[in-house]
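Just below is one structure, and these are the notes that go with it.
The values are calculated or read from the model by the stated rules, or taken from the named source; none is laboratory data. Just so it is clear, the structure is predicted and the values come from calculations on it, not from any experiment. In this analysis, Cβ positions are derived from the backbone assuming ideal geometry, glycine residues included, and neighbour counts consider all displayed protein chains. The area values use the complete protein model at the heavy-atom level, side chains included, leaving out ligands, DNA and RNA. Shrake-Rupley method; radii C 1.70, N 1.55, O 1.52, S 1.80 Å.
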Amino acid sequence: MADNKPGIRHVFRGTFVHSTPHCALQIREDALLGVDTEGKIAFIEKGEDLDRLATDFNSSNIIQLSKHEFFMPGLVDTHIHASQYSYAGTALDLPLLQWLNTYTFPVEAQFKDLDFARKVYKQVVKRTLRNGTTTACYFATIHTDASLLLGDIANEFGQRALVGKVCMDRNNSVKHYKETFHESQEETCRFIAELLNRKYRLVKPVVTPRFAPSCTGALLGQLGAIAKNNNLHIQSHISENPEEVKLVKEMFPESESYTDIYYKYNLLTDKTIMAHGCYLSDEELALFRKTGASLSHCPNSNISLCSGILNVRNVLKHKVKLGLGTDVAGGYSASLLDALRRAQDSSKVLAMQDPDLHPLTFEEAFRLATLGGSQALSLDDQTGNFEVGKDFDALRVNLLVPDGPIDLIQSEEPKILIEKFLNLGDDRNIVEVFVAGRRVVPFTD
């Protein structure tokens, strides 16, 4: 009987670091990792097993990493507004609701212009890939064609992406930037159908009610049904800011909590990712756990807009799936390394206020940025670590690139190199990026 197993395309030898459900940071020195012709991890073994493995590939083609290099899983950004990238790094002087009305909605309204949309979306996809984001969960705008364009661009550059056409049939502040109930329903269905018809392997639609205050109950219910009927991911925002939480209570007085609104409209599923969650009660977190819904921790944005600080320890105690998000442009950086650092900083601030609270370790933050993100997006069967059978989504990191940001004074063990990169490194250290076995950075013309 013929062996239909895919052939081996790449074999790498060196240090590999990743997380498992039981180990926040697992380091494998002098390991051999093979990637098959379908972009999946075929094996990960010890270097001393080369002779046994070499029957499946030409050992002269092994790519050897230097002692200052390692491979790590690609970073997973569980919450980023691609449409806000043009003003990232500015406009951080207002709290959330005023910030949306003053800066966000007027800029997002411009995305009816496809030339403008193409310019912004091409830049944000390229920038996040250079920053090591192999998987991104994107908010676009209410414009269907521009949202489809974002999916096309992510596919063109090889990024794994969930792309959401924003839905909002309420907006009294910027009246020209909203849809009617019927427009939102019809255009969401068109967006989903057209993106699925493209049959992209790595780019899929995600149902995207902006947040409860910008949607009527009727629209939320319809979006819940659309997601269920098409077995799709769902993304939105929840409990980001005290003023927002108060507004939601006034707009939905019949609901027991902010979380209850989404739950009632079938928007809280095991494929739901909600951003922020700074003010969720223990009862609400229990509902997240019950439904399998996830949270995206966006610490840069939480601090930059003075929204609040998520108690990550409490979320993890409730066994709620948790990943990290840049939340551009409320978060000013499109690098998930920044989100990883801010997550640690935020947990230390809480620990200073409560001595019984243990701050996040860098190992735990590393897991949130990789495997945790893939779990939060229910993509951990495909990506997130170096398990055999998963797609090879990976960053090749070199601490001693010319004119790089890191100085090594003496020879260091791999764990020190990893910690230095996570705290001091940037895109200059990320010399290659792979998604599903394809090298996507450096870019090819």
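For segment 75-376, which whole-number percentage of the solvent-accessible area (1.4 Å probe, protein heavy atoms only) is attributable to carbon and sulfur atoms? Of all accessible area on segment 75-376, carbon and sulfur atoms account for 51 percent. Full extension of the segment from Lys126 to Glu432, taken as 0.36 nm per residue of separation minus the current Cα-Cα distance, would add 108.8 nm.
For segment 320-359 versus segment 254-273, the inter-centroid distance based on Cα atoms is 24 Å. Cross-link pairs exceeding 21 Å between alpha carbons, from the set Lys40/Lys204; Lys119/Lys165; Lys390/Lys420: Lys390/Lys420. Calculate log10 I(q)/I(0) of segment 184-249 for q = 0.13, 0.14, 0.20, 0.27 Å⁻¹, where I(q) comes from the Debye formula with a single equal point scatterer on each Cα and nothing for solvent. Values returned for q = 0.13, 0.14, 0.20, 0.27 Å⁻¹ are -0.42, -0.47, -0.82, -1.19. When the chain is described by a simple charge dipole with +1 on each Lys and Arg Cβ and -1 on each Asp and Glu Cβ, the residue from Tyr262, Asn241, Ala146 located farthest towards its positive end is Ala146. Here His176 and Leu50 are evaluated by their C-beta separation; at R0 = 45 Å the FRET efficiency comes out at 0.10.
Please work out the C-alpha center-to-center distance from segment 155-189 to segment 396-445 and express it in whole Å. Here the two parts' Cα centres lie 36 Å apart. Protein-only accessible surface at a 1.4 angstrom probe places the residues Glu256, Glu69, Glu283, Glu364 in the order Glu256, Glu283, Glu364, Glu69, largest first.
The listed residues Lys319, Lys178, once ranked by accessible area (1.4 Å probe) with the largest placed first, stand as Lys319, Lys178.
Listed by chain and number, the lysines whose alpha-carbon sits under 22 Å from that of Lys290, ignoring those within fewer than 8 places in the same chain, are Lys228, Lys264, Lys271, Lys317, Lys319, Lys321. Each Cα pair under 8 Å and six or more residues apart adds its sequence gap; the mean of these over the residue count of the chain is a relative contact order of 19 percent.
The solvent-accessible area of His182, taken with every protein chain present and a 1.4 Å probe, is close to 110 Å². Note on the chain: helix-only mean residue ellipticity at 222 nm, from DSSP H runs of 4+ residues weighted -39500 (n - 2.57) and normalised by residue number, equals -10000 deg cm²/dmol. Take segment 75-376, drop everything but the C-alpha atoms, weight them equally and run the Debye formula without solvent; then report log10 I(q)/I(0) at 0.06, 0.09, 0.10, 0.15 Å⁻¹ to two decimals. After summing over all Cα pairs, the log10 values are -0.16, -0.38, -0.47, -1.16.
Taking Glu48, Glu387, Glu179 and ordering them by how much accessible surface each has at a 1.4 Å probe, largest first, produces Glu48, Glu387, Glu179. Think of each Lys and Arg Cβ as +1 and each Asp and Glu Cβ as -1; about the Cα centre, that makes the dipole of segment 154-302 roughly 660 debye. Could you list which residues have their amide H under 5 Å from that of Tyr138, counting only those 5 or more apart in sequence or on another chain, with H placed in the peptide plane? So Tyr138 has HN proximity to Leu162, Val163, Gly164.
If only the Cβ of Lys and Arg carry +1 and only the Cβ of Asp and Glu carry -1, the dipole of the chain around its Cα centre is close to 600 debye.
The C-alpha atoms of the chain define a longest principal axis, and helix 217-230 lies at about 30 degrees to it.
Taking 13 Å as the cut-off, no amide N atom of segment 361-388 comes nearer than this to a point 7 Å along the Cα-to-beta-carbon line of Asn314. Toward the positive end of the charge dipole of segment 75-376, with +1 on the Cβ of Lys and Arg and -1 on the Cβ of Asp and Glu, the farthest Cα among Leu368, Ser281, Val320 is that of Leu368.
Of all DSSP-defined beta bridges confined to the chain, some 45% are antiparallel rather than parallel. Relative to the current alpha-carbon distance between Thr102 and Glu186, full extension at 0.36 nm per residue lengthens the span by 27.4 nm. For Lys5 and Glu283, the FRET efficiency from 1/(1 + (r/R0)^6), where r spans their Cβ atoms and R0 equals 41 Å, is about 0.25. Rolling a 1.4 Å probe over the protein heavy atoms leaves Ser86 with an accessible area of roughly 70 Å². Taking label points 7 Å from Cα along the Cα-to-Cβ direction, Lys228 and Asn58 give a separation of 5.6 nm. Rolled with a 1.4 Å probe across the full set of protein chains, the surface gives Ile62 an accessible area near 40 Å².
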